[in-house]
Amino acid sequence: MSADPQVAAVMISWNGGADLVAALGSLRQQTLPPAEVLVVDNGSVDGSAEWLAGQPGVRLVRNPRNLGFAVAANQGIAATTSALVLLLNQDVVLDPTFLEMAARRITAHPGAGSVAPRLRRGGGLDSTGHQLHSSLWVSNRGQGEPDDGRYAQAEEVFGVSAAAVLYRREMLEDVALDGEVFCARFFAYLEDVDLDFRARWRGWSCWYEPGATASHLRGGSGLHRTAAIERHVLANRFLLLERVAPPSWRRGRGQLRPRALLLLRCGLAASRHPTALLGFVDAARQLGDARRDWRRIWRDRRVGEGEILRWAAPTPWRRLLSRSN
């Protein structure tokens, strides 16, 4: 890869409104300008798609309805050609050197499939990459902590939030199943964690770059804590276990902890919206496909189970009980 690689910026939009103005403006201010800027609009009805259609230098893919983050991201990746792909939520504002620093990091590590940035939220941190826990819960490192200089060193992390991430196209093509980079069955939520696992199983690494900084509003890409979302996230947690988890977590001695997490999330979801329990019905309908995918992922892996397990930190159960995740 050259010292100045080309980057395709792919943004997913759904009723983006004012957020899009700031997000697109931050792309235009990059010290490493993207070679391609493509926005996939998921059936917006707030006039934002019409506004995007008039923006110079922006290609627009318009879906007739909300097809979900996973499908839209796949469309954007397939419609671009640059060696690196910046995937961006509509509610993320990049600092000017974001792409330059992220591209420098991924270029320095040929085995890196992705770069996790330093995302801020309000006066604190939002994410410095994904942290895997032994319960199959994946948290955002640093979320809610002060933005006071901690996490200042570049380092390898388990994975990265798809809110703002630089991917290597070679990795995305390598891990795709039936042409899908992100699993369409996830629709939205946890689809990036599923990709984290599949990249790891194929031997790709993820690096955190503290110099790639941005602000994440959160909540600008979907609804929050509705009964439908609770139901959907519960189903996705079940599918995540069946599709990509290490064998010992799926059916061996270690299975108690992931299933304990499912029970905990089930209880929390039901306390807010009892109909969320229908997520188990939704997951059961997809169980056969998920298990077939797991067999393919396991067959084609390049690393052993230990490579995944080494990233698993103890689960902070008290934290899970004291906050809504």
Residues of segment 112-158 being touching a strand residue (DSSP E or B) at 6+ places or on another chain (Cβ under 7 Å) and at positive phi, which ones?
-> GLY129, GLY142, GLY144, TYR151
Identify, please: which residue in segment 157-172 is touching a Ser or Thr at 6+ places or on another chain (Cβ under 8 Å) and assigned to a helix (DSSP H, G or I) and is, among those, surrounded by the fewest Cβ atoms within 10 Å (Cβ to Cβ)?
-> ARG169
Among the residues of segment 52-77, the number that are among the hydrophobic types (A, V, I, L, M, F, W, C) and either free of Cβ contacts under 8 Å to residues at least 24 places away in the same chain or in contact with a Leu (Cβ under 7 Å, 6 or more places away or on another chain) (or both) is 7
In segment 73-98, how many residues are surrounded by fewer than 24 Cβ atoms within 10 Å (Cβ to Cβ) and closer than 15 Å to ASP4 by Cβ?
-> 3
Can you find even one residue in segment 191-199 that is farther than 18 Å from ALA245 by Cβ and not assigned by TED's automatic domain parsing to the domain that holds ARG265?
-> no
Inspect segment 120-129 for any residue being assigned by TED's automatic domain parsing to the domain that holds TYR208, assigned to a helix (DSSP H, G or I), modelled with pLDDT of 95 or more and surrounded by 17 or more Cβ atoms within 10 Å (Cβ to Cβ) and give the result as yes or no.
-> no
If we only count strands (runs of 3 or more DSSP E) wholly inside segment 1-103, which ones have 1 or more residues that are under 17 Å from ALA163 (Cβ atoms) and small (Gly, Ala, Ser)?
-> 7-13
Return the total of residues in segment 175-193 being over 25 Å from PHE98 (Cα atoms) and not in a loop (DSSP other than H, G, I, E, B).
-> 6
So, first residue in contact (Cβ under 8 Å) with a residue 24 or more places away in the chain in segment 283-306, second residue part of a loop (DSSP other than H, G, I, E, B) and of a type in the set (Gly, Ala, Ser), Cβ within less than 7 Å, six or more apart or across chains; the pairs are ARG302/GLY203; VAL303/GLY203
Residue under evaluation GLN153, criteria (1) crowded, with 21+ Cβ neighbours inside 10 Å; (2) part of a loop (DSSP other than H, G, I, E, B), criterion not met = (1)
For segment 289-308, how many residues are of a type outside the set (D, E, K, R) and under 16 Å from LEU240 (Cβ atoms)?
-> 5
Can you tell which of ARG259, ARG231 is at pLDDT below 95 and surrounded by fewer than 19 Cβ atoms within 10 Å (Cβ to Cβ)?
-> ARG259
Restricted to segment 55-70, and to residues that are surrounded by fewer than 23 Cβ atoms within 10 Å (Cβ to Cβ) and aliphatic (A, V, I, L, M), which residue is nearest to VAL21 (Cα to Cα)?
-> VAL58
Taking into account only those residues within segment 173-196 that are buried (at least 24 other Cβ atoms within 10 Å of the Cβ) and among the aromatic types (Phe, Trp, Tyr), which is nearest to PRO117 (Cα to Cα)?
-> PHE182
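Rundown of residues vs (1) closer than 30 Å to ASP178 by Cβ; (2) of a type in the set (Gly, Ala, Ser), yes/no style:
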site	(1), (2)
LEU20	no, no
GLN90	yes, no
VAL93	no, no
ALA103	yes, yes
Is one or more of the residues making up segment 111-118 farther than 30 Å from GLU305 by Cβ and either surrounded by 21 or more Cβ atoms within 10 Å (Cβ to Cβ) or among the β-branched types (Val, Ile, Thr) (or both)?
-> yes
Looking for whichever is assigned by TED's automatic domain parsing to the domain that holds VAL37, closer than 30 Å to ALA269 by Cα, under 13 Å from the mean Cα position of the chain (by Cα) and modelled with pLDDT of 95 or more here; the options are ALA163, ALA188. Which one fits?
-> ALA163
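The values are calculated or read from the model by the stated rules, or taken from the named source; none is laboratory data. All values derive from a computational prediction rather than experimental measurement. All Cβ positions, glycine included, derive from the backbone under ideal geometry; neighbour counts span all protein chains shown.
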